[in-house]
Amino acid sequence: MKIAGAAAAIALALVLQTTIGQMLVRGTAALDLVLVVVVYIALTMGPATGLVAGSVAGLAQDALASGIIGIGGLANTVVGYVIGLVGTQFIVAKAIPRFVVFAAATVLHAVIFMGTYELLGVRHFGVPVGGVLSQAAANALVGVVGFQVIETFPGFLERRAANRGSRMRRRL
């Protein structure tokens, strides 16, 4: 069931990313939802699942975008694995550590993605430090809020069901 949820989250992120992908801040996308989902999956399910999720999500994102197929897949694969390892070695349960992990994952992704293009001589990005840092902040904010919502939602449903049950007993 978790794998189906991860696949659905990646598909939803791909759909949303292609619709908001037109928004650019200093040459880079303002938000990378696919990367946020990969990092979430890696933190919650470990390095092996993070690696597979990163690979699938990155290759799908490459197929939908223009450019060399495989570079985004490579970047997302490495990020998924590394962040999965970080999640198993460190306690990443509070908002600030999660913010740092999402921001660091975005910077690592940008270094691998842009660095590979530069090494191949296919595309020159210049020095988009401002764009990468703004994307890192946006991804981290969305990631932390998303984590909070996902963790709170099951408890909300249980409390709601319990409240309904107690109201039904009072009526009887």
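Coordinate-derived values only; no laboratory data. Since the structure is predicted, the reported quantities are computational estimates derived from the model, not experimental observations. Positions of Cβ are generated from backbone atoms using ideal geometry, with glycine treated the same way; all protein chains shown enter the neighbour counts.
General observations
- Residue within region 55-66 that is farther than 22 Å from Glu151 by Cα, without any contact (Cβ under 8 Å) to a residue 60 or more places away in the chain and among the charged types (D, E, K, R) present: yes
Conditions tested, residue by residue: (1) more than 11 Å from the chain's Cα centre (by Cα); (2) within 26 Å of Gly121 (Cα to Cα).
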{"residue": "Ala11", "(1), (2)": "yes, no"}
{"residue": "Val36", "(1), (2)": "no, no"}
{"residue": "Val52", "(1), (2)": "yes, no"}
{"residue": "Leu59", "(1), (2)": "yes, yes"}
{"residue": "Leu74", "(1), (2)": "yes, yes"}
{"residue": "Thr88", "(1), (2)": "yes, no"}
{"residue": "Ala93", "(1), (2)": "yes, no"}
{"residue": "Pro97", "(1), (2)": "yes, no"}
{"residue": "Ala104", "(1), (2)": "yes, yes"}
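- Test set (1) buried (at least 17 other Cβ atoms within 10 Å of the Cβ); (2) out of contact with any Ser or Thr (no Cβ under 8 Å at 6 or more places or on another chain); (3) within 17 Å of Leu12 (Cα to Cα); (4) not β-branched (Val, Ile, Thr) - Asp32 fails condition number: (2)
- Residues of region 79-136 that turn out to be touching a helix residue (DSSP H, G or I) at 6+ places or on another chain (Cβ under 9 Å), outside any helix (DSSP H, G or I) and of a type in the set (A, V, I, L, M, F, W, C), as a count: 5
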